[in-house]
1. Pick out, from A:Y5, A:H36, A:N63, the residue whose Cα sits farthest towards the positive end of the charge dipole of chain A, with +1 on the Cβ of Lys and Arg and -1 on the Cβ of Asp and Glu.
2. Using a 10 Å cut-off around each Cβ of peptide A:39-51, what is the average number of partner chain Cβ atoms that fall inside?
3. Rounded to the nearest 20 Debye, what is the dipole magnitude of segment B:37-196 about its Cα centre when Lys and Arg each give +1 and Asp and Glu each give -1 at the C-beta?
4. Which of the aspartates and glutamates could be linked to A:K95 by a straight reach, that is with a Cα gap under 12 Å, when you skip same-chain ones fewer than 8 residues away?
5. Counting only protein heavy atoms and rolling a 1.4 Å probe, how much accessible area do B and A lose on contact, total for both sides, in Å² to 100?
6. Among A:Q121, A:N149, A:L137, whose Cα sits farthest toward the positive end of the charge dipole of the protein assembly as shown (+1 at Cβ of Lys/Arg, -1 at Cβ of Asp/Glu, about the Cα centre)?
7. What shape does segment A:88-196 have by the C-alpha gyration tensor, where a ≥ b ≥ c are the square roots of the eigenvalues, rounded means a/c under 1.5, and otherwise prolate means a/b greater than b/c and oblate the rest?
8. From the backbone phi of segment B:165-172, what are the Karplus-calculated ³J(HN,Hα) couplings (6.51 cos²θ - 1.76 cosθ + 1.60, θ = phi - 60°) in whole Hz, Gly and Pro given as x?
There are 2 protein chains.
Amino acid sequence: MILSYGNLEFEDIRYAKEDWPKIKPTTPLGQMPVLHINDKSITQTGPICRYLANIVGLAGNNNEENLEIDVAAEMIGDVLKTAYEYRFETDETRKEKVKERLLELMPIIFTVLEENAIRNQGYIALDRVTFADIIFLCAYEDIRNILENTDVINDYPNLQEVKKNLLSINSLKDWIQKRPTLPIFIYDLKNDISNE
Amino acid sequence: MILSYGNLEFEDIRYAKEDWPKIKPTTPLGQMPVLHINDKSITQTGPICRYLANIVGLAGNNNEENLEIDVAAEMIGDVLKTAYEYRFETDETRKEKVKERLLELMPIIFTVLEENAIRNQGYIALDRVTFADIIFLCAYEDIRNILENTDVINDYPNLQEVKKNLLSINSLKDWIQKRPTLPIFIYDLKNDISNE
């Protein structure tokens, strides 16, 4: 999404689960994602996002602005991490406990983000779109799918506004409509584009 | 350590475990650490470190340099996170599995960091000290304690060099010698200062 936002040309390579064992040893750390740029292979989601954000103008202009963005992105990351922990937990008792933790953490974080979105008139970190908004949008889609299509921002009108603002940006809208998505997805962001 | 490196004045407030339930609701997200600066309360370890690093000259000078630092810091964070997961896991079977994962991940990451340290002549991310080095030093102390005083960089002479370089910086040395430490610590960085 960050690459699309900046109208940068890129190839989005995804692997089927059954091919991963063959691909894994060819990656720098045995992990995905990897950004191949010029002759470099860059690992780690957070650093990749921040690096690209700086290139396409989705980062802050000074240390204070970057702090706002980083804190928001990290808060969203905490919720997403807990949602994934819930999704992949196989022990039923523990799964229930992780869900409790998720449902306790989510309103704490979303309340802070909602206040941010009020202050910034429809954006998460600054009074303009930043990569924190994009991370929010991706996390929202994932969490909604993990929680069986629960619209987790139903009670947060200003976070709905953030979503609406992002889905009205042409470059993002185009990418969301053409990107490959997982067949297991119940909710896809593009559902909300066609409704508007 | 970042604050000390920059010779910034600060107060290091820590709470006893039994006081935490009383303190928790007074923090912005029910989490520690919190950085109080002027009238702001800033949460999230990573963003706090990056913000302070920029103030004291431990961050990069451009997007490429910041990427190097961020990737290194994130890799170290992955190892540390797994070490903490091991430490706090109470189910014995799962604890063993997390330990296996840790002992598999650590050499992958440490080999990359060792290569970095060779290229950068004794530093983790750039050819000078950055906050990635400080994160490495803190993680090293924690992991060594979690693994019952195993010196996890024993096979990595250049990571030992990184440690030595950091422990020769006066501002860090002073702080390490005077900071409050946990009574459960078996290994304390200051042990290695007095030996040199």
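1. Final value for the positive-end residue is A:H36.
2. 4
3. Details: 18 positive and 28 negative charges, 101 e Å.
Dipole of segment B:37-196, to the nearest 20 debye: 480 debye.
4. List returned: A:E85.
5. Approximately 2400 Å², summed over both chains.
6. A:N149
7. Here segment A:88-196 falls in the oblate category.
8. 4, 5, 6, 9, 7, 4, 5, 6
The values are calculated or read from the model by the stated rules, or taken from the named source; none is laboratory data. If you're wondering where the values come from, they're calculated on a predicted model, not measured in any experiment. So basically every Cβ, Gly included, is an ideal-geometry build from the backbone, and we count neighbours across all protein chains shown. All accessible areas refer to the heavy atoms of the entire protein, side chains included, with ligands and DNA or RNA removed. Shrake-Rupley method; radii C 1.70, N 1.55, O 1.52, S 1.80 Å.
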